[in-house]
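A short worksheet on the structure shown next.
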Amino acid sequence: MNRRQFLGGALLSGAALALPAEERAKPKVRAITAFLALDRARYQEQIQDTLKMLRQAKRIIEAGGYQVESIRIVTQPFPTYSQGLSRQEALRFFGEYDALAAKESFDANIGPAMLADGDDPARADLLGEILSTTKALEASLIVAGEDGIHWKCVTAAARVVKFVEEHSPGSAANFNFAATALLSPYAPFYPGGYHLGTGRRFAIGTEGANVVDQVFAETGGNAPLATERLTQALTVHCTAIEKLARQIEKETSWAYMGIDPTPAPLREVSIGAAIEKFTGAKFGSRGTMTAAAAITKAVQSVPVKRVGYCGLMLPVLEDTLLAQRWSEGTYDVDALLAYSAVCGTGLDTIPMAGDAPQQQIERILSDVATLAFKWKKPLTARLLPVRGKKVGDRTEFDDPFLVNATIRAVP
């Protein structure tokens, strides 16, 4: 009996989680995300009040044994509070807000430019300029909802992607933009998070690819057992984090909206490497979709108040192994769309040649929107065309959260 047969069989059922607690993988909290109804006339006071809550929340969660990577503030859609400003006044305001976020060390999201086809597409044009002239502001545009595909929004989103590619330093600001489909409010992950309410709410997103990696290493390719053990492992941590979130809610009077247990990866903390432990082959090989479905089922079985994607993130350039396999050609956009049918979050950080026309971007976004609407599930597209780069070139992003990879054809 070899190791895989042993780990995949019944002998494991009583021992999968037998390691001492201190040796079990523990997720980080990727984000504590606050949702603020920003009033431009007193926004600096509001930000300080929000940061007071976020920093208290961070202390509570870290005292509970979980490292916190970032604190975040999401506003309502920015056109509601930039209304009445000239283009130059709006750009000046968002430049000041960007500087404030850098000074106070929080991640700032200014919400969607367009929610539906009835919205003024000039909002998307302004967003392209905002993203191209700021360093860290993040935002989105909603290309599908329960009412169907927003075709004018698809076109506007593609226009934003091309404008940002051509006007932001190193074409890097598209990292801060997402086209989202059927994503509900209060998702803690960026860039798609948004809200339409009164604010004073918060949500939590986890970074748990290491937990998946450990469970899959122990269970081999046994999908039912892997799902069971991963559900158990995620439940231990998410229920503990939710208890801390309830404490935050009680002490701050900010309403807790839920946890997104999606096991987000980050560079060497690789969800791609975890999936390869399940399949015993390179990411993109047979069994990858089964692994994606197993992870998603486990995430959606965790008995906490869930919000956001609640699935699986496969961000090509945020995961060292995924970036390597992309360069090797073991998977492509069609494979990611197929996996998205059983998980999330769509097409994330896809490197593309700079000569990709706007019409091609539109077709990709419409595929994501169509898939999301068909299966009534949240999906995102974050596309990264690079000005001056061609198929076969390597990206040269200078960002601690991105891994560079070879640009391949995206038909």
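See the values below:
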| quantity | calculated |
| --- | --- |
| Near pairs, Cβ below 8 angstrom, 6+ apart or cross-chain, from the stretch 35-53 (within 22 Å of Phe189 (Cβ to Cβ) and in contact (Cβ under 8 Å) with a residue 60 or more places away in the chain) to any residue that is among the β-branched types (Val, Ile, Thr) and surrounded by fewer than 12 Cβ atoms within 10 Å (Cβ to Cβ) | Ala37/Thr198 |
| Residue count, the stretch 294-312 (criterion: touching a residue at least 60 places away in the same chain (Cβ under 8 Å) and on the phi < 0 side of the Ramachandran plot) | 13 |
| Inter-residue pairs, beta-carbon under 7 Å, first touching a residue at least 24 places away in the same chain (Cβ under 8 Å) and buried (at least 21 other Cβ atoms within 10 Å of the Cβ) and in the stretch 358-385, second among the polar types (S, T, N, Q) and in a strand (DSSP E or B), 6+ apart | Thr380/Thr180; Arg382/Thr349; Leu384/Thr349 |
| Residue that is over 20 Å from Ser184 (Cα atoms), surrounded by fewer than 24 Cβ atoms within 10 Å (Cβ to Cβ) and aliphatic (A, V, I, L, M), where the choices are Ala255, Ala293 | Ala293 |
| The lone exception for Ser132 - which of (1) polar (S, T, N, Q); (2) assigned to a strand (DSSP E or B); (3) farther than 24 Å from Lys376 by Cβ it fails | (2) |
| Residue within the stretch 322-336 that is over 30 Å from Glu165 (Cβ atoms), out of contact with any Cys (no Cβ under 7 Å at 6 or more places or on another chain) and of a type outside the set (S, T, N, Q) present | no |
| Any hit, the stretch 362-372, residues being over 27 Å from Thr320 (Cα atoms) and either aromatic (Phe, Trp, Tyr) or not in a helix (DSSP H, G or I) (or both) | no |
| Residue match in the stretch 313-324 (condition: within 15 Å of the chain's Cα centre (by Cα), at pLDDT 95 or above, aliphatic (A, V, I, L, M) and assigned to a strand (DSSP E or B)) | no |
| Thr219, sole failed condition from (1) in contact with a Pro (Cβ under 7 Å, 6 or more places away or on another chain); (2) buried (at least 24 other Cβ atoms within 10 Å of the Cβ) | (1) |
| Matching entry among Ala102, Ala124 (being assigned to a helix (DSSP H, G or I), surrounded by 21 or more Cβ atoms within 10 Å (Cβ to Cβ) and over 20 Å from the mean Cα position of the chain (by Cα)) | Ala124 |
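To keep it simple, each residue is scored yes or no on (1) surrounded by fewer than 20 Cβ atoms within 10 Å (Cβ to Cβ); (2) touching a residue at least 40 places away in the same chain (Cβ under 8 Å).
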| site | (1), (2) |
| --- | --- |
| Asp119 | no, yes |
| Glu129 | yes, yes |
| Leu137 | no, yes |
| Arg159 | yes, yes |
| Val164 | no, no |
| Phe175 | no, yes |
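The values are calculated or read from the model by the stated rules, or taken from the named source; none is laboratory data. Just so you know, these numbers come straight off a predicted model, no measurement behind them. We place every Cβ from the backbone using ideal geometry, glycine too, and count neighbours over all the protein chains shown.
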